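Reading through the structure tokens given below for one structure.
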Amino acid sequence: MNWNDYLTLAERLKDEEDDASRRSAISRAYYAAYNVANDWYKSDSKRRQIGLAQDAQGHHKALWESIKTFGGTGSLIAKHGNMLRIDRNKCDYDKNISSINLNVAPSRAIKIASKIIDDVKLLK
């Protein structure tokens, strides 16, 4: 699976008129970034051995918090990843999301996810 295909799908969905498509665009953008970051994290045997300390928020939050410990670019990735995670949760689980403007949020989510994907490549 090429996780960037989720970004391609998000690009198509963001231009649809219905809220479900725009919410799905945000979700797909998040999962593109999350899965690229997760694959990077698991690609190193030392990181794999340490694993991720999961709290009540689960694996997703733990991944971003672990990447944050790399400092610099890692901190920026974590900040953006958590922002997208929060928006994705709202889009996937909340019926009323007045805090998210679905006219602009999908494009913003795609841009942030693309940045995360690019920045993950810079991590060692």
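State whether the residues of segment 11-18 include one that is assigned to a helix (DSSP H, G or I) and either small (Gly, Ala, Ser) or modelled with pLDDT under 85 (or both).
Within segment 11-18, the subset assigned to a helix (DSSP H, G or I) is 11-14.
Narrowing further to those that are either small (Gly, Ala, Ser) or modelled with pLDDT under 85 (or both): none.
No, segment 11-18 contains no residue that is assigned to a helix (DSSP H, G or I) and either small (Gly, Ala, Ser) or modelled with pLDDT under 85 (or both).
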Q. All but one of (1) among the hydroxyl-bearing types (Ser, Thr, Tyr); (2) in contact with a helix residue (DSSP H, G or I) (Cβ under 7 Å, 6 or more places away or on another chain); (3) modelled with pLDDT under 90 hold for THR69; which doesn't?
A. (2)
**Q.** Cβ pairs under 9 Å, 6+ apart, first in segment 18-45 and closer than 18 Å to ILE112 by Cβ, second of a type in the set (Val, Ile, Thr) and not in a helix (DSSP H, G or I)
**A.** ARG23/ILE97; ARG23/ILE100; ILE26/ILE100
Q: For segment 110-124, indicate whether the set of residues that are surrounded by fewer than 13 Cβ atoms within 10 Å (Cβ to Cβ), under 16 Å from ASP39 (Cα atoms) and in contact with a helix residue (DSSP H, G or I) (Cβ under 6 Å, 6 or more places away or on another chain) is non-empty.
A: yes
Q | Residues located in segment 5-30, provided they are closer than 19 Å to ASN96 by Cα and among the aliphatic types (A, V, I, L, M) | A | ALA20, ALA25, ILE26
Q) Which ones in segment 47-64 are over 15 Å from TYR31 (Cβ atoms) and either in contact with a Cys (Cβ under 9 Å, 6 or more places away or on another chain) or at pLDDT 90 or above (or both)? A) none
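The values are calculated or read from the model by the stated rules, or taken from the named source; none is laboratory data. Values in this document were obtained by computation on a predicted structure and should not be read as measured data. Neighbour counts are summed over all protein chains in view; Cβ atoms, including those assigned to glycine, are modelled from backbone coordinates with ideal geometry.
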